[in-house]
Structures are given as C-alpha cells and as structure tokens.
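A.B. asks: Take this structure, written in structure tokens, and hold onto it; I'll ask about it next.
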Amino acid sequence: MGAQLLFSTALVTGASSGIGRELARQLGGGGGHLALAARRRPELQATASEVASAGGPTPVVIPADLGRPEEATRTVAEAEAALGRIDLLLCNAGVGGNCPVAQMPWEDIEAMVRVNTLGPMALIRAALPAMLARGYGTIAAISSLASYRGFPGGAPYSASKAALSTFLEAVRVETRGRGVTVVDIHPGYVHTPLTAKRERPRPFIMDVERAARLILRAVARGKPVYNFPWQMALLIRAVRLLPPVLFDRVASRGGRPGRPT
C-alpha cells in the first residue's frame, strides 16, 4: 500500500533502486504525480511500473547522470515541464565507497563528490527559484550519519555528505519565512544493494520500507534535520562530542571500521 498523499508533485532522484525506489513507490502509491530520475532507464521504468501497479499515476521517467550539474539542471526543467510544478524535490541519488584515500583512484573520489554533492546542489539551485516565486515547496536531501565525523575508509563519502548538509543548512536559513521547507536527512545503515556488498558489521540496520516511511514522515513534518535510527543517531551524537585526540584513537582502533551510509 502507498503512503498517504503528502505532495501533489515530486521529483525523486536515485529512483532506480534502494531507498529512492521505495520512496517513489510510497509517494506514488499515495497518489502523487512523480518524475523519477537516475542513470538507468530500464530500472527507472521498472520503478514507474511498480508505482502504477500500486494504483498511483504513472511517473515520468527522466534518465540522467546526476553527477553532471548540467544534467541535474535539465532534469529539473523536464520535471517542471511534465508535472507543471515541483512541490517536493527529493535528492536521493548517491554513491559510496570504503577505501583508504591513498588507495582510492582520484576518479572515484571525484565521481563521489559530483554525485553526492554537486548533483544535489545543482538540482536545488535549479528548482529553488520557482518554489520561491510561488511561496511554496519542499527540498529534502539524503545526507548520512557519516557526515558528522571523518570516518577512516570513508573520507570522500563523509566529506561529500558533510558538504551537502552544510549547503542545506545555508539554504534553509536563506529561505526562512519564504514558504520553502528544507529537510536534511541523515540515515544510518539501510538494507540496499549498496550496503548488501559490505562484509563489516552494520549495527542497527533497517529495512528499506521502514526507512522510507520514516523519511517521508520527517519530510511531511518539515523537520530541519532528521537522524535515524535513534540508536545509531545516539551513538554518533556521542562520537561527535569526542575531542580530536580521543576520536582519532577510537576511530583508528581495529583498522578501517565501517561507517554508516
């Protein structure tokens, strides 16, 4: 069953798999008109078919490489043309990796920053003027609990998500009182194709259906920042309080520990 209708129209990125696919399914099943964006057309079409099968309007499919800012700008333009307006921009597309900086090819680092940071920035920059002009709209983006500290083995990932969260914070302040809501989502571990490849422990991992429900509830309530699950969020909160000398000692213990995604 779909979620209750939260927004009349929405653009969801990274909708070909994982959290994005489930977000689209729940939003569309609730009656929302959607535009779905990701690189892989067949997977996007499969998501659109799932939404239609659940009783929702058939989504618009927009294949795009969201690691390229010009593609992100085009995606917003096509979504606005197809939907009439974008009530909710949900930036979910992201990539991860777990490798020491010295061993990670520069191309992988650059790609991670492009998809996790520059892509959402370009999407927001493209969608924001129309939202401000009509005095209504919601911008939400999927950051990570890993954004709060520099976890070993995930330097580019943590940095790219930290930059995204700082950008969202500034946009939230800039648009205060102008009808635009900005929501910064920080998940821990969620069962997705990305986390399925991990061999290290994934504490407090959550199924994707529940994660999507929690995300959409936070978005509907307009929470400025939402950290979940609470157990992992509490642990990260404690880690954030550690002074650098103690954090370095704890984080380096046992080699390269996993980090929330």
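What follows is calculated from the coordinates using simple rules that are stated; it is not laboratory data. No experiment lies behind these values; they were computed from the predicted model shown. Note that we place each Cβ from the backbone using ideal geometry, even for glycine, and neighbour counts take in every protein chain shown.
A.B. asks: Could I get the Rg over Rh figure for segment 19-103? Both from C-alpha atoms, Rh via Kirkwood, rounded to two places.
C.D. replies: We get a ratio of 1.04 for segment 19-103.
A.B. asks: Set the Förster radius R0 to 41 Å, insert the Cβ-Cβ distance between Asp207 and Arg178 as r into 1/(1 + (r/R0)^6), and round the FRET efficiency to 0.05.
C.D. replies: The calculated FRET efficiency here is 0.65.
A.B. asks: State the extension gain, in nm to one decimal, for the chain segment bounded by Thr73 and Glu110, taking 0.36 nm per residue of separation less the distance between their alpha-carbons.
C.D. replies: Gain on extension, Thr73 to Glu110, equals 11.4 nm.
A.B. asks: Order of 177-184, 39-46, 71-78 by packing, highest average Cβ count within 10 Å first?
C.D. replies: 71-78, 177-184, 39-46
A.B. asks: For segment 51-143, just the Cα atoms, rotate onto the principal axes and tell me the three extents in Å, largest first.
C.D. replies: Sorted largest first, the three principal extents are 47, 35, 20 Å.
A.B. asks: If amide hydrogens are placed 1.01 Å from N in the peptide plane, which non-local residues have theirs closer than 5 Å to the one on Ser17?
C.D. replies: none
A.B. asks: Give the Kirkwood hydrodynamic radius (Å, one decimal) of segment 123-164, defined as one over the mean of 1/r across all pairs of different Cα atoms.
C.D. replies: 12.0
A.B. asks: While we're here: Note the direction-averaged projected area, equal to a quarter of the hull surface, for the Cα convex hull of the chain, in nm².
C.D. replies: Mean projected area for the chain: 13.2 nm², to one decimal.
A.B. asks: Pop the C-beta distance of Val245 and Gln103 into the FRET formula with R0 = 45 Å and round what comes out to the nearest 0.05.
C.D. replies: That pair, Val245 with Gln103, gives E of 0.95.
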